[in-house]
1. Please verify whether residue 43 is assigned to a strand (DSSP E or B) and hydrophobic (A, V, I, L, M, F, W, C), treating the condition exactly as stated.
2. Count, please, the residues in segment 18-55 that happen to be under 25 Å from residue 77 (Cβ atoms), surrounded by fewer than 19 Cβ atoms within 10 Å (Cβ to Cβ) and β-branched (Val, Ile, Thr).
3. Against the definition (farther than 23 Å from residue 130 by Cα, at pLDDT 95 or above and over 11 Å from the mean Cα position of the chain (by Cα)), how does residue 82 come out, yes or no?
4. What number goes with the only condition from (1) open to solvent by 20 Å² or more (accessible area, probe 1.4 Å); (2) within 16 Å of residue 132 (Cβ to Cβ); (3) not polar (S, T, N, Q) that residue 69 does not pass?
5. Only residues in segment 82-110 that are among the polar types (S, T, N, Q) count as the first member; pair them with residues that are open to solvent by 50 Å² or more (accessible area, probe 1.4 Å), Cβ under 6 angstrom, at least 6 apart or cross-chain, and list the lot.
6. Filter segment 91-108 for residues that are exposed (fewer than 15 other Cβ atoms within 10 Å of the Cβ) and under 19 Å from residue 71 (Cβ atoms); which is modelled with the lowest pLDDT?
7. Take the residues in segment 8-25 that are charged (D, E, K, R) and in contact (Cβ under 8 Å) with a residue 24 or more places away in the chain, then tell me which one is nearest to residue 49 (Cα to Cα).
Amino acid sequence: MADTVADRIWREWWRDVSTVDHVKSKVQDTMRGRAFPFTLVAVKNGFFLGAVSVVESNTGPRRDLSPWLSGLWVEETERRKGTGSLLIAEAIRRTERLGRTPLYLTATDDGMQFYMRRGWTVVQAPGEYVHVLSSSASS
């Protein structure tokens, strides 16, 4: 599913600044079966539902914080059905087992509400256009 995950991430966030092959190489690196970094993929009956990655550092602000939840994507037909929440919860569980908490992410004003409803807290108000949030599990 690396091709599909890379395609969705590239189309949503990287189309103007990178190639899909560059994004695919980064996604493949997180899907090599190692404990960290990792990508979780939700599949139902062989169909891609969504994915999320956990990586060492994000390209945005606060490179001093780690690890980062990155590239949460849920197919439009699957949104508001709990797939994103399940992916986030599993990402938090895995990082906790690795002793790598809290987990951080960047979000726009609109996206921030999604995460705050799931217990994330604001670490830094918006820099250029994003907020930095932390999973509340260990923050």
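The values are calculated or read from the model by the stated rules, or taken from the named source; none is laboratory data. Model, not experiment: these values are computed from the prediction. We place every Cβ from the backbone using ideal geometry, glycine too, and count neighbours over all the protein chains shown. With ligands, DNA and RNA removed, areas are computed over all heavy atoms of the protein, side chains included. Shrake-Rupley method; radii C 1.70, N 1.55, O 1.52, S 1.80 Å.
1. Values: assigned to a strand (DSSP E or B): yes; hydrophobic (A, V, I, L, M, F, W, C): yes.
So residue 43 fits the description; yes.
2. Of the residues in segment 18-55, 3 are under 25 Å from residue 77 (Cβ atoms), surrounded by fewer than 19 Cβ atoms within 10 Å (Cβ to Cβ) and β-branched (Val, Ile, Thr).
3. Working: farther than 23 Å from residue 130 by Cα: yes; at pLDDT 95 or above: yes; over 11 Å from the mean Cα position of the chain (by Cα): yes.
Yes: the conditions hold for residue 82.
4. Among (1) open to solvent by 20 Å² or more (accessible area, probe 1.4 Å); (2) within 16 Å of residue 132 (Cβ to Cβ); (3) not polar (S, T, N, Q), residue 69 violates only (1).
5. Every condition considered, the pairs that remain are 101/137; 101/138.
6. First pass over segment 91-108, keeping only residues exposed (fewer than 15 other Cβ atoms within 10 Å of the Cβ): 93, 97-99, 108.
Okay, now just the ones that are also under 19 Å from residue 71 (Cβ atoms), so 93, 98, 108.
On the way: 93: 96, 98: 96, 108: 86.
Restricting to residues being exposed (fewer than 15 other Cβ atoms within 10 Å of the Cβ) and under 19 Å from residue 71 (Cβ atoms), the top hit is 108.
7. The initial filter retains those residues of segment 8-25 that are charged (D, E, K, R), namely 8, 11-12, 15-16, 21, 24.
After this cut, where a residue has to be in contact (Cβ under 8 Å) with a residue 24 or more places away in the chain as well, the list is 8, 12.
Details: 8: 11, 12: 15 Å.
For segment 8-25, the residue satisfying everything is 8.
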